[in-house]
Amino acid sequence: MSAVRTYLDHNATSPLRPEAREEMMRALDVSGNASSVHAEGRTARALIEAARTKIAALAGAAPRDVVFTSGATEAANWVMAQPWQVVLVSAVEHAAVMAPALRCGARVEIIPVDGAGRVDPEGLGELIDAVCGDGGVSVAGAVLVAVQHANNESGVVQPIAKIAEIARERGVRLIVDAVQAAGRVALDQRGQGIDFMVLSSHKIGGPQGAGALVIGNEASIDPMLVGGGQERSLRAGTENVAAIAGFGAAAAASERDLARSAHLARLRDTLERDLKRATPELIVIGGAADRLCNTTLVARPGARAETVVIGLDLAGVGASAGAACSSGKINRSPVLAAMGIGEEIGKCAVRFSLGWTTTEDDIAQCVSAWERVNKTRSGARAMA
Ligand code: PLP
């Protein structure tokens, strides 16, 4: 195995940023409980509130609307556990949103996507009208629409501003999973009137096991946990101060890095160009759509993703196959199925996701590993 690793799996977890590590180390040395009035407690409180302000800035939200959770999965489950009558959920949602939607007990409608994985806002409006006109659903506070900001597999970005407008006009609530969009496109929770926005620390270079739910001004929600009254009595329990502080530092660094998104897109485009040069039959899934600057999902027909990913790993490159961030198992991706991508191509889909650590050298290493892996495969086929 190559000693120097090239890590291109930031959509699964982005490595801890030095700023986050430093802030966490400082926080670990703070001995107080953030609910205590003494100096030690106030120091812990100050760390939490500073982090809240930084995360709000990244989300385009007001600090008081940010509630800390253990991650995006918890935040999405919390919203789905509210007493909705109807939940309309896009076909390309991450399992953290889709799974709780499917078991929440409400009537569930799947919002279709086009071949690039995009929701059509006008079509969504018609679907909401049909659902609400049907069976006497009273809209106010009872209907939830779930559309992610950007997809974790393909990087395809949804027209969220327009979707938020459609939802607002109809008085339905909207949850936006902004986990992958955060730090890669500018977020505007408040400006777009998004009711619930879900964020995750470890996708932006913060620690794992921390996240947030941003709750818009007009949205209400029952508490997630009751007890000591922390987080405006919405999510009780002594805060994980170090994780929150690290999340805040990562949010500030990610916001600064928005200025580097054109650079990241250039690296991603170079990667795609050179992979295509090496294997001209390569398909870039969602390539014609508006995509995150850091993500590419490619398939070489006939080259099974698990074999390619293992070959790349042995050659020193970390990438992933399918929606591998859930279990390491490679199942058929519901996202690709919803985009109408056949099973044979879907089984060959390999995702490279770039991030704050990525350099031109990483791209060159990845291309060279790809060439070796694919040459071996072609050779093996020729011998068979
Ligand atoms: N939503 C998306 C789009 C994701 O990619 C992930 C990552 O796994 C999640 C939600 C879940 O985030 P967390 O690991 O913080 O629960």
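The values are calculated or read from the model by the stated rules, or taken from the named source; none is laboratory data. Just so we're clear, the structure is a prediction, and the values are computed from it rather than from any experiment. We place every Cβ from the backbone using ideal geometry, glycine too, and count neighbours over all the protein chains shown. These accessible areas exclude ligands, DNA and RNA; they are computed on the full protein's heavy atoms, side chains included. Shrake-Rupley method; radii C 1.70, N 1.55, O 1.52, S 1.80 Å.
A few remarks follow.
- Stretchable slack from residue 28 to residue 5, in nm (0.36 nm times residue separation minus alpha-carbon distance): 5.3 nm
- Probe 1.4 Å, accessible area per residue of the chain, Å²: 41 Å²
- Over the chain, DSSP H runs of length four or greater, each weighted -39,500 (n - 2.57), average out per residue to a 222 nm ellipticity of -12500 deg cm²/dmol.
- Using the Cβ-Cβ distance between residue 270 and residue 307 with R0 set to 22 Å, the FRET efficiency works out to roughly 0.35.
- Between the listed residues 216, 201, 24, the Cα displaced farthest toward the positive end of the dipole of the stretch 18-256, a dipole computed from Cβ unit charges relative to the Cα centre, is found at 24.
- The slack in the chain from residue 290 to residue 37, taken as 0.36 nm per residue of separation less the alpha-carbon distance, amounts to 86.2 nm.
- Where Rh is the Kirkwood radius over Cα pairs, Rg/Rh for the chain: 0.99
- Angle of helix 261-278 to the longest C-alpha principal axis of the chain, folded into 0 to 90 degrees and rounded to 10: 30°.
- Helix 360-383 vs. the chain, principal-axis angle (Cα, 0 to 90°, nearest 10): 50 degrees
- Share of pairwise Cα-Cα distances greater than 13 Å in the stretch 9-81 is 75 percent (whole percent).
- Scattering profile of the stretch 165-283 at q = 0.12, 0.14, 0.20 Å⁻¹ [log10 I(q)/I(0), Debye over alpha-carbon scatterers]: -0.61, -0.77, -1.16
- Distance-filtered residues of the stretch 336-359 - backbone nitrogen under 11 Å, label point 7 angstrom along residue 260 Cα→Cβ: 355-359
- Among 316, 248, 286, the residue with the largest mean-square fluctuation in a Gaussian network model of the chain, with springs joining Cα atoms closer than 10 Å, is 316.
- A convex hull fitted to the Cα coordinates of the stretch 106-229 yields 132 cubic angstrom per residue.
- With the whole protein complex present, residue 17 retains an accessible surface near 20 Å², based on a 1.4 Å probe.
- Apportionment of accessible area to carbon and sulfur, the stretch 4-89, percent (1.4 Å): 58 percent
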